[in-house]
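What follows is one structure encoded as structure tokens, with my remarks underneath.
The values are calculated or read from the model by the stated rules, or taken from the named source; none is laboratory data. Given the structure is predicted, the values throughout are model-derived calculations rather than measurements. Cβ atoms come from the backbone with ideal geometry, glycine included; neighbour counts cover every protein chain shown.
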Amino acid sequence: MKQDRQKVRAAFREALVCGMRGEKSSLKCLPSFLPPPNGTECGEWMALDFGGTNLRAMTVRLAGGKADILRMKKVSLRKAGAYDLTDGSTTAEELFDAIAHLIADVAPERGDVLLGHTFSFPARQISIDKAELITWTKEFAVQGVVGREVNGLLADALSRCGASRIRPAAIVNDTVGTLLCCAYREPSATIGSICGTGHNTAAVLPDGMLYNLESGNFDGIDMTEYDEEIDRTSLIPSAQRLEKMCAGHYLGKLVTLAASEDLAMLRTGAQLTGEDLSAILADGGESVRTADLIEARFGTRPERGACAALRRVTRAVSSRSAQLVALTYLGILDVIDPNHERHHTIAVDGSLFGKMPSYADTMKRVLTEGLAGTNSTVSLVHAGDGSGIGAAVAASLAEKARI
Ligand code: BGC
């Protein structure tokens, strides 16, 4: 799974330059119409985090660089054997009614409320508060949302549930939310990224605005036969090629495929999950947890040797993901700071970055090696709750822009 680092970095840089010029590119470079915040944003806002795995509604208080979540409620988008709000049998109305009820549950009792919406999918921004879904990703297939204005669907659902006093005032991608959340406290923040169920990155581009790059769609990296298989059997083949090599939604399947070459017991059709991979990497010498996990998923208890082999494949897949993502950050830095003179803070959220052993360290190492010999330095920070607080910051910026 070796990659030529310089080649990946240069290909990403090239794709970004083309995307910025509006030329053909696998990077969409979607404008957010938002500048970075200056840290003086204040007030109480509602936030919706519509992620790949969960829905979270919350009220957030911003106080000049500080942020507190006052109330929060979270539900899963799918529950095995019970419901699935992400599949093709769900309609836009069903999905947005569930979201509106969640928001109404958390809303302050009285008064008009402005809400910032973090929507974790590629959406064409029409204005700060309006965006149209371009395509679902992460294997979502809900009917009637692609091509529609998402905050309009949300506002209609809020009014159906008697909560029209809650007004969606901003909509941002989760990478933009993560970057806003970090930049609210840290002026050197220039990149925001998600390494979780899905993968994507946002950046402050040379015109001073935040852009959602939709970098999960980057197609400049050679795929292995296992990656090709994941792509071929996905809902939208050829799309989101980098995401399919790097994100939690796909890595469990990728490890299952690659490891089943030598471990026949994995060939049952069942699959490891992203969380399983973290557990395998964290497992100690006796591999008891790994053996329990394989037995539960695939019905056969493996020997220690098989557990060690599985750990080797898991380490290779996870390390490749961290390296590729870090190389895309270097490609961005090459564009936004071509002489490599500044300090940059890169804010990252998501389960791989936060929970997968060695993931963040591998990214740090690739970044440090990639900037060696330059005057540029990088801090890689975990922006937990970027999507919630970032949405509140977006609502506040939207209000400022309106006044
Ligand atoms: C989506 C992005 C999102 C990322 C992380 C990808 O599947 O296309 O818009 O930022 O997941 O949630």
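Quick check on my filter: what residues within the stretch 169-190 are more than 13 Å from the ligand (Cβ to nearest atom) and either aliphatic (A, V, I, L, M) or crowded, with 24+ Cβ neighbours inside 10 Å (or both)?
Matches in the stretch 169-190: Ala169, Ala170, Leu180, Cys181, Cys182, Ala183, Tyr184, Ala189, Thr190.
Kindly provide the set of residues from the stretch 244-280 that are of a type in the set (Asp, Glu) and under 15 Å from Ser318 (Cβ atoms), ordered by number.
Once the filter is applied, which keeps residues that are of a type in the set (Asp, Glu) and under 15 Å from Ser318 (Cβ atoms), the stretch 244-280 yields Glu275, Asp276.
Could you check, for the stretch 128-148, whether at least one of its residues is free of Cβ contacts under 8 Å to residues at least 12 places away in the same chain, within 30 Å of Thr59 (Cβ to Cβ), surrounded by fewer than 20 Cβ atoms within 10 Å (Cβ to Cβ) and away from the ligand (no atom under 12 Å from the Cβ)?
There is no residue in the stretch 128-148 that is free of Cβ contacts under 8 Å to residues at least 12 places away in the same chain, within 30 Å of Thr59 (Cβ to Cβ), surrounded by fewer than 20 Cβ atoms within 10 Å (Cβ to Cβ) and away from the ligand (no atom under 12 Å from the Cβ).
Residues of the stretch 109-124 being farther than 16 Å from Ser396 by Cβ and either more than 16 Å from the ligand (Cβ to nearest atom) or of a type in the set (A, V, I, L, M) (or both), which ones?
Once the filter is applied, which keeps residues that are farther than 16 Å from Ser396 by Cβ and either more than 16 Å from the ligand (Cβ to nearest atom) or of a type in the set (A, V, I, L, M) (or both), the stretch 109-124 yields Glu109, Arg110, Gly111, Ala123.
Test of understanding: among Asp227, Asp219, Asp156, which residue is surrounded by fewer than 17 Cβ atoms within 10 Å (Cβ to Cβ) and either away from the ligand (no atom under 16 Å from the Cβ) or more than 19 Å from the chain's Cα centre (by Cα) (or both)?
None of the others qualify; the one that does is Asp156.
Conditions: (1) touching a residue at least 24 places away in the same chain (Cβ under 8 Å); (2) among the aliphatic types (A, V, I, L, M); (3) not in a loop (DSSP other than H, G, I, E, B). Ile236 meets all but one. Number of the miss?
(3)
Within the set of pairs 6 or more residues apart or between chains, which connect a residue that is within 27 Å of Cys195 (Cβ to Cβ) inside the stretch 155-180 to a residue that is among the aromatic types (Phe, Trp, Tyr) with Cβ atoms less than 7 Å apart?
The qualifying pairs are Ile171/Phe119; Asn173/Phe119.
Among the charged types (D, E, K, R), touching a helix residue (DSSP H, G or I) at 6+ places or on another chain (Cβ under 6 Å) and surrounded by fewer than 20 Cβ atoms within 10 Å (Cβ to Cβ): which single residue out of Lys400, Lys355 fits that description? I'd like the intermediate steps shown before the answer.
Values: Lys400 fails: touching a helix residue (DSSP H, G or I) at 6+ places or on another chain (Cβ under 6 Å).
The match here is Lys355.
Let me confirm something: among Asp105, Asp97, Asp84, which residue is over 26 Å from Thr201 (Cα atoms) and touching a helix residue (DSSP H, G or I) at 6+ places or on another chain (Cβ under 8 Å)?
Values: Asp105 fails: touching a helix residue (DSSP H, G or I) at 6+ places or on another chain (Cβ under 8 Å); Asp84 fails: touching a helix residue (DSSP H, G or I) at 6+ places or on another chain (Cβ under 8 Å).
Going through Asp105, Asp97, Asp84 in turn, the sole match is Asp97.
Within the stretch 230-244, take every residue that is in contact with a helix residue (DSSP H, G or I) (Cβ under 6 Å, 6 or more places away or on another chain) and either acidic (Asp, Glu) or more than 13 Å from the ligand (Cβ to nearest atom) (or both) and give me the one that is nearest to Arg5 (Cα to Cα).
Glu243
So which residues in the stretch 356-374 are within 20 Å of the chain's Cα centre (by Cα) and either at pLDDT below 95 or part of a loop (DSSP other than H, G, I, E, B) (or both)?
Selection gives Met356, Pro357, Ser358.
Right, Thr300: of a type in the set (Val, Ile, Thr) and surrounded by 23 or more Cβ atoms within 10 Å (Cβ to Cβ) or not?
no
Quick one: which of Arg289, Arg315 is closer than 29 Å to Ala11 by Cβ and surrounded by 13 or more Cβ atoms within 10 Å (Cβ to Cβ)?
Arg315
For the stretch 24-72, give me the residue count where each residue is of a type in the set (Gly, Ala, Ser) and either under 23 Å from Gly208 (Cα atoms) or free of Cβ contacts under 8 Å to residues at least 60 places away in the same chain (or both).
Of the residues in the stretch 24-72, 8 are of a type in the set (Gly, Ala, Ser) and either under 23 Å from Gly208 (Cα atoms) or free of Cβ contacts under 8 Å to residues at least 60 places away in the same chain (or both).
If you take the residues of the stretch 22-50 that are under 23 Å from Asn200 (Cβ atoms) and of a type in the set (Phe, Trp, Tyr), which of them is surrounded by the most Cβ atoms within 10 Å (Cβ to Cβ)? Step through it out loud before you land on a result.
Pass one, the stretch 22-50, residues under 23 Å from Asn200 (Cβ atoms): 22-37, 47-50.
With the extra rule that they be of a type in the set (Phe, Trp, Tyr), the set shrinks to 33, 50.
Numbers: Phe33: 19, Phe50: 23.
So the residue we want is Phe50.
So, in the stretch 337-352, exactly how many residues are surrounded by fewer than 16 Cβ atoms within 10 Å (Cβ to Cβ) and in contact with a strand residue (DSSP E or B) (Cβ under 6 Å, 6 or more places away or on another chain)?
So the count comes out to 1.
For Arg165, indicate whether it is basic (Lys, Arg), more than 21 Å from Ser234 (Cα to Cα), within 16 Å of the ligand (Cβ to nearest atom) and modelled with pLDDT of 95 or more.
Considered against the rule, which asks whether it is basic (Lys, Arg), more than 21 Å from Ser234 (Cα to Cα), within 16 Å of the ligand (Cβ to nearest atom) and modelled with pLDDT of 95 or more, Arg165 comes out as no.
Could you list, in sequence order, all residues of the stretch 53-79 that are surrounded by fewer than 22 Cβ atoms within 10 Å (Cβ to Cβ) and small (Gly, Ala, Ser)?
Ala63, Gly64, Gly65, Ala67, Ser76
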